[in-house]
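Structure, as structure tokens:
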Amino acid sequence: MDSAQYSLVVDIMIGLAIAYFVLEVLLNLNDIDNDTSNLLLYEWSKGKFFFIPFALGAIAGHLFMGTTDSSFKMTNGMYPVLILFGAVIAMVVIGYKVKFEKSKLLLTILLAVGLVYGHLFWSMNYQL
């Protein structure tokens with residue numbers, strides 16, 4: 001990636017972070033109780049969208065952790081994304097078809113599994 005593309009990506013990421021921060025401030029200052037993004041995501045996760053902690057964990061593991069051990073690297077860089085997408089689709093189908101209690105323990109386990117997945121199999125830090 002050349003420096004112009006890299007700068008564009010950095011600028012977009014900074015813009016998204018600022019927009020999210022402003023949104024959170026506005027949600028905290030409005031008159032509606034319990035409408036911040038973390039509470040909304042938690043409520044959605046307890047319902048049909050229990051894939052949210054897994055997906056957020058995988059993204060966090062990908063962006064902020066990431067192993068350098070290339071023995072976890074898949075032959076095609078697209079495979080980790082496709083596997084993640086498939087797992088999320090399966091969780092969405094299960095969420096709509098099967099009614100069950102999504103405890104904090106289950107959501108925490110899904111977050112941890114996502115972190116491990118993002119750290120090991122979707123790493124940006126594999127040695128070349």
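Can you classify segment 81-127 as rounded, prolate or oblate using the Cα gyration tensor, where a ≥ b ≥ c are the square roots of its eigenvalues, rounded means a/c under 1.5, and otherwise it's prolate if a/b beats b/c and oblate if not?
Verdict is oblate for segment 81-127.
Computed FRET efficiency, Cβ-Cβ of ALA19 and VAL92, R0 25 Å: what is it to the nearest 0.05?
0.45
Among residues other than MET91 whose Cβ falls under 13 Å from its Cβ, what is the net charge (Lys/Arg +1, Asp/Glu -1)?
+3
Only Cα pairs within less than 10 Å get springs; with that Gaussian network setup on the chain, which residue of PHE21, PHE64, PHE100 has the largest fluctuation?
Residue with maximal mean-square fluctuation among PHE21, PHE64, PHE100: PHE21.
Using +1 on the beta carbon of Lys and Arg, -1 on that of Asp and Glu, and nothing else charged, what's the dipole of segment 11-86 about the Cα centre, debye to 20?
So the dipole magnitude of segment 11-86 works out to roughly 420 debye.
Tell me the net charge near ASN125. Cut-off is 13 Å between Cβ atoms, ASN125 excluded, with +1 for each Lys or Arg and -1 for each Asp or Glu.
Net charge around ASN125: 0.
Starting from the Cα of LYS99, step 7 Å along the direction of its Cβ; do the same at GLU43; then give the gap between the two resulting points in nm.
2.0
With a/c under 1.5 counting as rounded, go ahead and sort the chain into rounded, prolate or oblate using the C-alpha gyration tensor (a ≥ b ≥ c being the square roots of the eigenvalues; past the cut-off, prolate if a/b is larger than b/c, else oblate).
Cα axes put the chain in the oblate bin.
Only four residue types carry charge here, +1 at the Cβ of Lys and Arg and -1 at the Cβ of Asp and Glu. Report the dipole size of the chain about the Cα centre in Debye, rounded to the nearest 20.
640
Using Cα pairs closer than 8 Å and at least 6 residues apart in sequence, work out the relative contact order for the chain, in percent.
39 percent.
All of the numbers you see were taken from the coordinates with simple rules; none came from a lab. Note that the coordinates shown come from a computational prediction; the quantities given were computed from them, not determined experimentally. Using ideal geometry, Cβ is built from the backbone for each residue, glycine included, and neighbour counts are taken over all protein chains shown.
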